[in-house]
1. Can you tell me which residue within the stretch 209-237, out of those that are under 29 Å from residue 195 (Cβ atoms) and surrounded by fewer than 11 Cβ atoms within 10 Å (Cβ to Cβ), is modelled with the lowest pLDDT?
2. Please specify each residue of the stretch 102-115 satisfying the condition of being within 30 Å of residue 17 (Cα to Cα) and either in a helix (DSSP H, G or I) or over 41 Å from the mean Cα position of the chain (by Cα) (or both).
3. Would you please name the residue that is surrounded by the most Cβ atoms within 10 Å (Cβ to Cβ), looking only at residues in the stretch 401-438 that are in contact with a helix residue (DSSP H, G or I) (Cβ under 7 Å, 6 or more places away or on another chain) and within 16 Å of residue 453 (Cα to Cα)?
4. I'd like the full set of residues that are in contact with a strand residue (DSSP E or B) (Cβ under 9 Å, 6 or more places away or on another chain) and part of a helix (DSSP H, G or I), limited to the stretch 306-350.
5. I'm told residue 55 meets every condition in (1) farther than 23 Å from residue 302 by Cα; (2) surrounded by 12 or more Cβ atoms within 10 Å (Cβ to Cβ); (3) in contact with a strand residue (DSSP E or B) (Cβ under 8 Å, 6 or more places away or on another chain) except one. Can you identify the failing condition by its number?
6. Is it true that residue 394 is surrounded by 10 or more Cβ atoms within 10 Å (Cβ to Cβ) and either in contact with a strand residue (DSSP E or B) (Cβ under 7 Å, 6 or more places away or on another chain) or assigned to a helix (DSSP H, G or I) (or both)?
7. Here is a check on your reading of the model: is residue 146 surrounded by fewer than 21 Cβ atoms within 10 Å (Cβ to Cβ), touching a strand residue (DSSP E or B) at 6+ places or on another chain (Cβ under 9 Å) and assigned by TED's automatic domain parsing to the domain that holds residue 298?
8. Looking only at the stretch 126-161, filter to residues that are under 41 Å from the mean Cα position of the chain (by Cα) and in a helix (DSSP H, G or I); which one of those is nearest to residue 274 (Cα to Cα)?
């Protein structure tokens, strides 16, 4: 576990808090304070009495080593609100330092400058709250701590540290701009928080001998000045609530007085409610909890450094490390790849040249064929245009006669057949007469199909008043361009011979074989003997006294006789 000591001083008192950081957070072990008796006009940061007071507190807390966080008052630093153009976050530290040369009264090249980003203005500018401190003072504070076995880790602003921690621990306080008031012996730190950022800080002084009513009146006037100063910097900043660090029992009367005079909510906020404090620490701060708000908040500062100004760790431009080894490895790989590529190219160069020469020769040999093909293509285009415009007008007239209405409903008075040369589409223009005006749409619908588009002009009275058909209309029948199959795209389709049933073919072959065998047997039959004995098989012989082998009786055939069966073989079987 890491032990951390936070130190805070003002002209009348020195305070420390000792805490340990673990997995569960920060735990407060001790909170101690002691008065400082300074001479008139003596700077408490440079006084030996302040050093002696801090040494006494460290001895009481039994602290001999550790990391130290020091809180510094607002009056010891130069603080400005600066508007800068919107740039990359890594470029902002350099721009803040450049702008500080114009906005800060006393700043040198070696002075540490830290800032917090507040947001973006309506004009698109980035607003930052920047602060600077004399590096000589920082050096003296660091040496003082080293003499007592401590190492200076952070140097933070006292008005900012407590209020920033409060907003992180109590997120509901960030819903509206909030004023935090830290009452000390002769000073009061005021910090206005908007969202999660401290946007305005101010430190006031008052007489410690004032009674409660006089102090309330002084605080009321100073709070009003603080709110006016903050509103002059940001017109949209409207503070609705205020909190005084301390226990409710201690600040009850003061909170009621300020609420009545300021006409805004003023309440107490105990800093020990924000952290895990030991019973011993709470007992040491009994009745004075508010004075330890800064040192308690400072122990949590490492967790909220993005919202704090720290002069020991000012924000700087982060120099990106160049991966030289990776660059060298990538360069070596690229050189190897390029070398292999050049080697492959030149090794195949001769082969590619030979291939190119062969292709050029082949192209030259095919030039005559290409020219002839171009001639054939142009000739085919002419034939195609001719065939696509070759309409059979008799078929079209036949179509009109079949699709048209009966003769008592419509008669035609003439036809004009035309072909459009550019599109090779054809049309038939005619005039028909009809006894009724309502027959016109019926006739058009009867003649219309996917290949014929029918257009009729307005129907009118027949000039021949004696005609039985008083209505006439001009009709145009448009036919689409005929499609002609390109003979070059014709593909020969192989003729598939019908398959013969395998079973029927096998049966036919068996029948043919049996018929041939029977015919051969009939030709080789020996002549019959007079005694009527059965003639022996001429292919076989038997010895004297040997019983001839009986031939098996022929089995009747289950197959039906076919048309090509031999009748001679059948009769031979019967004779045998």
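The values are calculated or read from the model by the stated rules, or taken from the named source; none is laboratory data. Being a predicted model, the structure only gives us computed values, none of them experimental. Note that we place each Cβ from the backbone using ideal geometry, even for glycine, and neighbour counts take in every protein chain shown.
1. Step one: of the stretch 209-237, the residues under 29 Å from residue 195 (Cβ atoms) are 219-237.
Filter again for surrounded by fewer than 11 Cβ atoms within 10 Å (Cβ to Cβ), leaving 228, 232, 235-236.
Values: 228: 90, 232: 84, 235: 72, 236: 77.
So, considering only residues that are under 29 Å from residue 195 (Cβ atoms) and surrounded by fewer than 11 Cβ atoms within 10 Å (Cβ to Cβ), the one modelled with the lowest pLDDT is 235.
2. 111, 112 - these are the residues of the stretch 102-115 that are within 30 Å of residue 17 (Cα to Cα) and either in a helix (DSSP H, G or I) or over 41 Å from the mean Cα position of the chain (by Cα) (or both).
3. 428
4. 306, 307
5. It is condition (3) that residue 55 fails.
6. Against the criterion (surrounded by 10 or more Cβ atoms within 10 Å (Cβ to Cβ) and either in contact with a strand residue (DSSP E or B) (Cβ under 7 Å, 6 or more places away or on another chain) or assigned to a helix (DSSP H, G or I) (or both)), residue 394 does not qualify.
7. Here the answer is yes, as residue 146 does meet what is asked.
8. Here the answer is 161.
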